[in-house]
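Comments concern the structure below.
The values are calculated or read from the model by the stated rules, or taken from the named source; none is laboratory data. Just so it is clear, the model here is predicted, and its values are computed rather than measured. Cβ placement follows ideal geometry from the backbone for every residue including glycine, while neighbour counts extend to all protein chains displayed.
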There are 2 protein chains.
Amino acid sequence: MAAKVTIATVARRANVSRQTVSNVLNTPDIVRAETRHRVREAIAELGYRANLAARQMRTGRSNLLAVRIDHFRDGREGAVLDRFLHGLAEAAGAEGYRVVLFTAEGDDGEIESYRELLGSYALDAFVVTHTHHGDRRTAWLLQHDVAFTTFGRPWSDTDMYPPPSPSAPPPFGHSWVDVDGAAGTAMATRHLIDAGHSRIGFLGWPTGSGVGDDRFAGWSRTMAEAGLAVAGLDRRTTNGFAEGRAAARDLLARRHPPTALVCASDLLALGAREAGDIALVGFDDTAMAHATGLSSVRQPIDEVAAACVRILVDELDHRRAGVTAPVRHVLRTPHLVVRDSG
Amino acid sequence: MAAKVTIATVARRANVSRQTVSNVLNTPDIVRAETRHRVREAIAELGYRANLAARQMRTGRSNLLAVRIDHFRDGREGAVLDRFLHGLAEAAGAEGYRVVLFTAEGDDGEIESYRELLGSYALDAFVVTHTHHGDRRTAWLLQHDVAFTTFGRPWSDTDMYPPPSPSAPPPFGHSWVDVDGAAGTAMATRHLIDAGHSRIGFLGWPTGSGVGDDRFAGWSRTMAEAGLAVAGLDRRTTNGFAEGRAAARDLLARRHPPTALVCASDLLALGAREAGDIALVGFDDTAMAHATGLSSVRQPIDEVAAACVRILVDELDHRRAGVTAPVRHVLRTPHLVVRDSG
């Protein structure tokens with residue numbers, strides 16, 4: 001019903017030039033706030049719908065970034081990826097971009113979504129999460145020359161930072177932003193050592209998960225540096241409350257049980273709390289940690305999200321100028337939030 | 001660099017007709033999966049970017065819905081609105097729509113975002129959350145004839161369900177979806193009565209919040225129906241762990257203290273748990289409730305999200321056909337998840 005509304009109609013209603021309407025649509029920052037407001041009000045009143053394709057022709061962009069959102073998993077909400085979504089929407093908004101959500105199952109399902117989103121919505125770039133060994137998604141995006149970055153390292157020998165050999169040819173892999181999980185568990189371990197503990201255990205996930213192995217490494221390295229034994233003091237399990245409790249009970253049943261545990265998640269730590277009286281540090285500083293006085297390693301998620309957006313905007317600026325953007329790797333350090341638990 | 005890629009280029013590369021490419025872009029369901037896949041691969045390889053405006057002209061839609069996402073609030077993550085976002089992305093995806101996130105401060109900031117999104121992204125519809133008394137956003141959307149629905153009742157005398165008088169003129173207000181919070185706290189109260197409690201208190205938010213007053217009403221009504229006294233047994237405070245603990249301590253210091261509490265949030269209930277030995281039911285069934293054995297009222301958020309999407313798709317179908325969609329009000333009933341706490 002609004003088919004006949006054009007930029008000229010909007011300009012007449014707002015009593016401005018067509019160029020001013022165009023400026024409000026494409027470069028709002030250069031238009032006075034009062035005028036911008038009047039033009040937008042006229043756009044809304046008239047039901048004008050922007051010609052996105054025309055704008056893309058002018059600016060080379062749709063100003064849309066996409067990120068996958070997973071099925072909600074009970075008992076784990078508020079985890080890092082929900083925080084990340086908030087940070088991403090804010091950082092993108094500040095740069096004039098919007099975030100589009102999509103759902104997908106597995107690597108191949110996500111690649112199918114990339115195809116569909118690129119074809120139907122003219123997406124500018126993707127933010128990829130849940131990076132893992134042998135990730136087909138990043139390979140596909142590189143191969144198809146789509147702008148993207150990842151929250152999470154590639155976790156494969158040929159694509160990590162620093163390069164595997166000084167002679168590795170640039171550009172080396174793809175841009176990514178991540179949090180140094182090993183530094184986080186190292187901090188937690190050192191804190192427990194400073195508090196007088198020497199038998200400090202580790203609860204984490206089965207070997208083979210990049211994130212899990214990284215968190216394990218921070219604990220084992222710090223224990224070794226302090227000359228403390230680690231043999232038999234770690235347990236690996238799937239992430240869960242009951243799993244944390246069972247693993248902690250198992251450790252506490254040893255002849256020389258640990259007096260403290262570094263845990264790869266708050267959920268594992270809260271399970272462990274039910275196993276007996278033991279000092280605990282969790283990971284991710286969730287609402288559960290706040291509410292229950294659990295010490296926890298906190299990831300600087302807002303900074304991660306802002307870095308992802310900065311990388312993508314820079315990448316898109318380079319593409320528009322017809323030059324290759326540098327590959328960037330950003331590794332942020334978490335910090336320890338100390339509460340009553342250890 | 002992809003400026004010369006057209007539907008014809010894509011058709012040649014995929015070895016299909018231009019009509020087939022157009023079908024994949026606009027009505028993918030009618031194209032065989034193998035062909036659809038080949039066309040999308042060609043689109044991705046060639047860097048073809050769809051002409052969204054042209055598609056809008058054909059289909060009358062951008063297939064984008066928008067919802068506000070708030071700044072992340074520490075200690076309260078995983079709350080209902082994050083769950084809602086997951087559900088919304090899934091339900092929208094199943095209908096061929098995508099969800100766009102935006103950030104805004106206050107009603108007026110959100111209205112400014114509506115203007116910008118309608119003008120720049122040709123949004124089809126909005127999902128409005130955090131409805132409250134005197135909501136300027138819904139008034140603006142109605143006035144500008146923009147398709148929208150709300151998660152949350154309007155909470156104003158002139159726009160509630162059922163209509164204030166049988167003679168109220170249709171269409172009555174706007175479509176909304178909500179959860180019957182009063183039914184939830186009534187369930188919690190009845191459960192505690194059945195468990196043998198008679199002095200049952202209520203911890204909630206200050207009077208004047210629609211959601212808070214609704215949850216209070218379920219408790220007070222159920223107590224009255226059971227012939228139980230409520231005088232002095234409720235405390236109103238801002239939502240928080242320390243606030244819940246302080247309010248519960250205050251109630252437990254009474255001459256005849258309550259033996260059980262119905263709480264308007266899990267956070268209040270977990271605070272109350274630290275005040276002493278008292279049966280507790282929280283609200284929202286968060287990860288904290290899972291992890292700590294707290295009984296809690298669970299909102300059927302996936303159903304709410306699906307109902308919002310159904311209403312909007314139906315509304316857009318009606319608009320495309322040039323007819324007015326019926327105003328729909330959907331009120332879902334929560335259920336009680338019983339754990340150790342009461």
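Of these, B:279, B:260, B:264, B:287, which one is away from chain A (no Cβ under 14 Å) and over 17 Å from residue B:220 (Cα atoms)?
B:279
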Against the condition modelled with pLDDT of 85 or more and in contact with a Leu (Cβ under 8 Å, 6 or more places away or on another chain), how does residue A:5 come out, does it pass?
no
So, in region B:62-113, of the ones that are touching a strand residue (DSSP E or B) at 6+ places or on another chain (Cβ under 8 Å) and part of a loop (DSSP other than H, G, I, E, B), which residue ends up nearest to residue A:84 (Cα to Cα)?
B:69
Residues of region A:93-116 being within 30 Å of residue A:30 (Cβ to Cβ) and either touching a Leu at 6+ places or on another chain (Cβ under 8 Å) or among the basic types (Lys, Arg) (or both), in sequence order, are A:97, A:98, A:99, A:100
Among the residues in region A:11-32, are any under 36 Å from the mean Cα position of the chain (by Cα), at pLDDT 85 or above, farther than 27 Å from residue A:147 by Cβ and among the charged types (D, E, K, R)?
yes
Verdict on residue A:302 being touching a helix residue (DSSP H, G or I) at 6+ places or on another chain (Cβ under 8 Å) and crowded, with 23+ Cβ neighbours inside 10 Å:
no
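Hey, could you check region B:200-228 for residues that are in a helix (DSSP H, G or I) and aliphatic (A, V, I, L, M) and say which is nearest to the chain's Cα centre (by Cα)?
Per the stated criteria, the residue is B:211.
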Would you point out the residue of region B:33-49, among those that are buried (at least 21 other Cβ atoms within 10 Å of the Cβ) and outside any helix (DSSP H, G or I), that is modelled with the highest pLDDT?
B:48
More than 8 Å from chain A (Cβ to nearest Cβ) and of a type in the set (S, T, N, Q): is that true of residue B:113 in this structure?
yes
Give the number of residues within region A:290-309 that are within 14 Å of residue A:266 (Cβ to Cβ), touching a Phe, Trp or Tyr at 6+ places or on another chain (Cβ under 6 Å) and at the interface with chain B (Cβ under 10 Å from one of its Cβ atoms).
1
